[in-house]
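Heads up, the thing below is written out as structure tokens.
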Amino acid sequence: MDNIKMKKEKRKKDNKQLLDRNENIPENIEEENVSKVYNSSIRNDTNINIFFLICIIGVSLAILLEIINVQNRKQNACKDYDANRRFYWVYSAHNDVDNKNGLLKHVHLVLERIGYEKSTNQTSWLLLWSHDYPFRSLYPNLHRLKSDQKVNHFPGTGFITNKVDLATSESKFIPKAFKIPKNTKEFLRYASENKNAVFLEKHNQHRGVYLKNVTAIDLSSGESFVQEYIQKPFLVDGHKFDIGVYVVLTSVDPLRVYWYKGDVLFRYCPAKYYPFDPSNLDKYVIGDDYLPTWEVPSLARPYTALGFGMKEAFDHYAESKGKNTTRLWEDVQEAIVEVFLKKEYHIIEALKNYPSKDNFFEMMRFDLVIDEDLKVYLLEANMSPNLSAAHYPPNQLLYEQVLYNLFALVGVARNVKSNNAAATNMISAQKNIAVYSHECSTICKDDCEALDICKLCRPCLEPKLKSNFLNAHMENLHKGDFRRLFPPVMKPNSRNEDEIKNLNQMNKLQYLWFQGKCNNDSTWCL
């Protein structure tokens, strides 16, 4: 028992000593270790969080940059698309021209077919088609045109399209006319000297036309003028008619004029001419309800069954009656050219109020009649000729072909941007307008004044003329069924001094340039 008791005492003593040793160990050792582990864990977690944060920021930035790039690509694509879009707008103060099935139906149709979109003046339009003369109401817009914008009228052409101004012009092709009351004395004297003459009284602005005796004419109204009437017209199946020729002015100073040879508009009076009755306007005045070619008995078969145009159908009929239509069409051209040469000065003066003359072109319809000997008489020039086939659907093809050829001629239908020099050089460049190689290499080499043609050599060529010749070259490439009226038809290696002696300097130089092109390539002679 004692031994057991002693062993227990000994264990207590050893345990007490062990506890005493443990009490001498610092209390914060364990806390420090725990703190170190905890702090190390926090640092590791922080580093991991920073890493993940950086990754998230990086991914977010990458996504953001891709979104921006996508938006930029879309914007650039939109810009490219917008840059390639071509807009036009139409204008009239008095007519509903925005209606695509209305007055300008075929203008809208043709422009849409060649890639234009109808818009307003608020867009970057390339073409303004104005049914009215636009230079008064739209002057602020038209005075600051960009180089690639086109307008379908020239300032100053009112001197051609105004009925009174044209009718009272001195010409062998224009029946004698007098302004009333300004030229009343001259009119009465002419009437007394030409007892057999008959006169039409025409309103200055409207379409009213009345055949009257001299004593019945109102000489004091101030709203009309009188013009001698062609009493013995050439008739087709007994019907009088007029001839509508589509003409395009592309340049003045120098002058360039074209006429549409694809076809000509013939309009026949609905009533036969004889027996003549001045009170029946349907016998001698062409109205809206005229007789079309396909309803004239002698023309119906060549036009409808054989598929010829109005001009060819008429030529066939006239030649079957022993008439020479070649001379007729030469006189038609001469009559029209004479008008432009007489009136060009007024257009040049009007253009001085605009920065550039290259923004304008003009299509007119010249109306003419012929007498029984096929002598040509010019009656008027329509500034905005009818281009609606609402009354006569078969005329649609004529109108749309005229318009398409017009837009090709003046550059509206081209895809190349006209304000891009490199692009336009693909069409017409210096080598395309160089002429008279022998003279430019010899006589003109050191003297630009040696000959008139020396001014056409590259070292002597003025920028204004060079620009005009480049435009003329482009027009020649794209003229389609239009043929040049002025400068006139030429022959290779020929020089007609009578043709140029009365021309102004710019027209003379342009004539010589076309002659130079004709000398090298006979297709330029026409």
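Brief remarks on what is shown
- With 5 Å bins from 0: P(r) over the stretch 318-364, alpha-carbon pairs, percent: 5, 15, 17, 17, 13, 9, 9, 6, 5, 4, 1
- Take the Cβ atoms of residue 99 and residue 372, set R0 to 51 Å, and the FRET efficiency comes out at 0.75.
- Paramagnetic reach from residue 186 (point 7 Å along Cα→Cβ, amide N under 15 Å) across the stretch 140-176: 164-172, 174-176
- Plainly put, the stretch 456-508 has a radius of gyration that is 0.98 times its Kirkwood radius, both from alpha-carbon atoms, as the Rg/Rh ratio.
- Nearest-ten-degree value, helix 505-520 long axis tilted from longest Cα axis of the chain: 80
- Distance between the C-alpha centres of the stretch 375-389 and the stretch 82-123: 23 Å, rounded to the whole angstrom.
- Size of the stretch 186-327 as Cα extents on the principal axes (Å, biggest first): 52, 49, 29
- Net lengthening on full extension, residue 415/residue 147 (0.36 nm per residue, minus Cα-Cα): 94.9 nm
- The smallest convex shape that holds all Cα atoms of the stretch 142-254, its convex hull, gives 172 Å³ per residue.
- Charge dipole (the chain, unit charges on Cβ, about Cα centre) - positive-most of 208, 220, 294: 294
- Of the solvent-accessible surface of the stretch 314-451, computed with a 1.4 Å probe and all protein chains present, 48% belongs to carbon and sulfur.
- Accessible area of the stretch 368-451 divided out per residue, in Å², using a probe of 1.4 angstrom: 50
- Ranked from largest, the principal axis spans of the Cα set of the stretch 92-133 equal 27, 22, 15 Å.
- Over 32 Å between alpha carbons, listed pairs 431/501; 342/491; 118/357; 146/311: 146/311
- Highest mean first, the peptides 462-474, 252-264 sorted by other C-beta atoms within 10 Å per residue fall in the order 252-264, 462-474.
- Separation of alpha-carbon centers, the stretch 313-373 and the stretch 174-204, rounded to whole Å: 24
- All-pairs Cα distance distribution in the stretch 403-526, expressed in whole percent, bin size 10 Å: 12, 41, 35, 10, 1
- Cα point-scatterer Debye curve for the chain, base-10 log of I(q)/I(0) at q = 0.13 Å⁻¹: -1.39
- Cα-based helix-to-principal-axis angle, 396-410 vs the chain, degrees rounded to 10: 70
- Heavy-atom accessible surface of the stretch 105-159, averaged per residue, reaches 43 Å², computed with a 1.4 Å probe.
The values are calculated or read from the model by the stated rules, or taken from the named source; none is laboratory data. Bear in mind that the values here come from a model prediction, so they are computed numbers and not experimental data. Cβ: placed from backbone, ideal geometry, glycine included. Neighbour counts: every protein chain shown. Each accessible area value is taken on the protein alone, full model and side chains, heavy atoms only, with ligands, DNA and RNA left out. Shrake-Rupley method; radii C 1.70, N 1.55, O 1.52, S 1.80 Å.
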